[in-house]
Amino acid sequence: MRLLEVSIQNFKSLKSVTLKPGPLSVFIGPNGAGKSNLCEALAFTNDMYRWGLEHAVARYGGYENICFRHTRRSTAPIAFSLAINSSGERFWPAYRRDGHTRRLDSLVTERRIAFRAASQNVRAPFSITEESLSYIAHFSSSPETEVIFSALRRGEKIARLHVSRQFEDVDGQNVNPNDDEFRKMLSERLNPTESFEGSFPFSILDRPWRGAGRPTLGLYQVQPLSGRLPGVPIPNPELDRDGSNLPGVIDMIKSREPQAFQAVLGTLRIIMPTLRDIDVVSTPQRTLGLVFHEEGFRQPWPVEHISDGTLRALGLLTALFSSHADMVIIEEPENSLHPWAIGQFIDACREASKSKQIMLTTHSPVVVDQLKPDEIWVVSKPGAETKVERLIDLDSVAQTGWEDGHFTLSEFLDSGIVPGTVPAL
């Protein structure tokens, strides 16, 4: 699954931001420019589609704390638009049309949702003002595409509906996309604060492609102290934003994702050459803990004896390689890491980006010098609004001068030639 494009309006300092991230995207800029706001906006979409709009708004402190503060809260909606490309075979191995079966190459999902408060009162309720959802099939045998489902709502009414005639309902009857009764039925099921799929779990969306294009994103700012905490033995553990429950996730990938564990262990061995293995053990409190096996020592080291840098590297690598998220955002990975270890981490990011998208924020020249110019995005805040732009779009010299060896990227950025890369004096 790949995020092709994302647009964000009126979320915190992001009044109007659009970006098309690549396999590896690194966001740089001064403190207070809006890098964390960008990360939280992307994480917000993940929570919104996974748990619901109300849950996401509550988790981020309420509507008043997420809306763009230089606009009257009741006039400008908060809006997100996403275009996500999914493997066709992952959701639907074949597509039936005109009596013929064709293979799907990919399924592009386009989503937009906008919501706003009813008035300027802090206690005023918020609701969805507009939402659209489209599934577009791309075929491996031809450039032809087909919109297999498309709907637009305004408030609690369906304004537009299209369902490919290739689909049938549970009774085997063709669904007529122009059927007013069908549209009325959908409108009756809509909830003011629930997205389409949460509002009407009806048969036409109960298809193999239902759920395609939902962001599966992990946002991390791993702290060594959190990584030392015991984990909880549950069937599908997830790494928390600060790195909590690391033992539970390590236990899961050791048993169910051995390739991911070997990728984690292999990179960590480069950083810590004497490391032989990592085990997960039961604690007296019936939780999970980590122990480290090191060459030359008979007894394993408990997690309390492991350095902050090693433990943070383990948390970062686990976030990169575990299968929980198709998109991984890591804030300031350079903290607690030796400069040489940072280079190994960036190599691991490139390896992980073959199967998922990786996004980083950084202040480190060591990180920047491991990158290519087209992987860098400049985050600046010239006024009240955050701007996010690709470095090579701001100054083409960054690409040619770097390729010719005239400067390192950190030297180029520190020079102040590109506006917004260093704090304004």
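The values are calculated or read from the model by the stated rules, or taken from the named source; none is laboratory data. Just so we're clear, the structure is a prediction, and the values are computed from it rather than from any experiment. A quick note on method: Cβ atoms are made from the backbone with ideal geometry, for glycine too, and the neighbour counts reach across all protein chains shown.
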Report task. Working carefully through the options A352, A348, A313, A325, find the one that is over 21 Å from I278 (Cα atoms) and of a type in the set (G, A, S). Result -> A325
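Residue-wise test of (1) touching a Ser or Thr at 6+ places or on another chain (Cβ under 6 Å); (2) under 22 Å from Q299 (Cα atoms); (3) without any contact (Cβ under 8 Å) to a residue 40 or more places away in the chain.
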| site | (1), (2), (3) |
| --- | --- |
| L219 | no, no, no |
| Q223 | no, no, no |
| P230 | yes, yes, no |
| P258 | no, no, yes |
| L275 | no, yes, yes |
Query raised in the report: Of the numbered conditions (1) at pLDDT 95 or above; (2) acidic (D, E); (3) in a strand (DSSP E or B), D105 satisfies every one except a single condition; which is it?
Result: (1)
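Residues are listed down the side, and each one gets a yes or a no for (1) in contact (Cβ under 8 Å) with a residue 24 or more places away in the chain; (2) within 24 Å of the chain's Cα centre (by Cα):
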| site | (1), (2) |
| --- | --- |
| I330 | yes, yes |
| H338 | yes, no |
| D374 | yes, yes |
| G383 | no, no |
| K387 | yes, yes |
| L394 | yes, no |
| W402 | yes, no |
Query raised in the report: Since I128 meets every condition but one in (1) modelled with pLDDT of 85 or more; (2) of a type in the set (V, I, T); (3) surrounded by fewer than 14 Cβ atoms within 10 Å (Cβ to Cβ), which condition does it not meet?
Result: (3)
**Report entry** Of all residues making up the range 411-423, the number that are closer than 14 Å to I392 by Cα and free of Cβ contacts under 8 Å to residues at least 60 places away in the same chain
**Finding:** 4
Report task. Check the range 66-89 and report whether any residue there is part of a helix (DSSP H, G or I) and at pLDDT 90 or above. Result -> no
